[in-house]
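Asks: The structure follows.
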């Protein structure tokens with residue numbers, strides 16, 4: 001399978017800069033998979049699992065939220081708002097964030113606070129799910 005250059009950079013730093021043969025993630029319009037030779041493409045990133053395929057076998061998994069995915073003839077550039085490899089996810093912290101978000105959803109102070117709590121719940125559940133899938 002042909003490889004392409006992939007660079008993943010978030011406000012927290014560079015997470016990956018090398019060759020991959022596929023990246024799959026959630027865009028705002030649905031799931032997308034990029035292979036070598038993909039047409040130029042630009043999309044906003046949603047909240048979901050990102051899978052980076054480096055070779056045969058299981059992909060490297062991450063929780064990925066927001067940002068942009070840009071595919072050019074020169075390679076693929078992912079600039080997520082937040083990005084966390086599965087092995088770096090602190091599941092205790094993610095569970096605490098989930099419980100805090102659930103509490104805020106039960107007693108919202110405003111519509112904006114409710115929407116923010118719902119997004120935080122979605123992100124916490126994603127982090128827990130990605131960490132669990134990576135463990136097998």
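Asks: Over the residues of region 89-135, compute the C-alpha Rg and express it relative to 2.2 N^0.38 Å.
Replies: 1.19
Asks: Turning to a different aspect of this structure: Relative to the longest principal axis of the chain, what angle (0 to 90°, nearest 10) does the C-alpha long axis of helix 111-135 take?
Replies: Approximately 50 degrees, to the nearest 10.
Asks: Oh, and also: Under a point spin-label approximation (7 Å from Cα along Cα-to-Cβ), what is the residue 39-residue 93 distance to one decimal in nm?
Replies: 4.1
Asks: Across the chain, how large is the tail of the calculated P(r) beyond 21 Å, expressed as a percent of all Cα pairs?
Replies: For the chain, the share of Cα pairs beyond 21 Å comes to 44 percent.
Asks: Which of 51, 26, 73 ends up with the largest GNM mean-square fluctuation for the chain, with Cα atoms connected below 10 Å?
Replies: 73
Asks: Can I ask one more? Of all DSSP beta bridges located in the chain, what percent are antiparallel, nearest 5?
Replies: 90
Asks: I want to verify a result. In a Gaussian network model of the chain, Cα cutoff 10 Å, which of these has the top mean-square fluctuation: 14, 76, 52?
Replies: Most flexible of the set in this elastic network: 14.
Asks: Could I ask something else about it? For residue 7 and residue 106, what does the FRET efficiency come to when R0 = 25 Å and r is the distance between their Cβ atoms, rounded to the nearest 0.05?
Replies: E(calc), rounded to 0.05, equals 0.05.
Asks: Compute the Rg/Rh shape ratio of region 62-110: radius of gyration over Kirkwood radius, all on alpha-carbon atoms.
Replies: 1.19
Asks: Between region 24-72 and region 80-136, what's the alpha-carbon centroid distance in Å?
Replies: What the calculation gives is 20 Å, centre to centre.
Bear in mind these aren't lab numbers, they're just calculated from the coordinates by the rules spelled out. As the structure is a computational prediction, the values presented were derived from the model and not from experiment. Ideal geometry is used to build each Cβ from the backbone, glycine not excepted, and the neighbour counts take in all protein chains shown.
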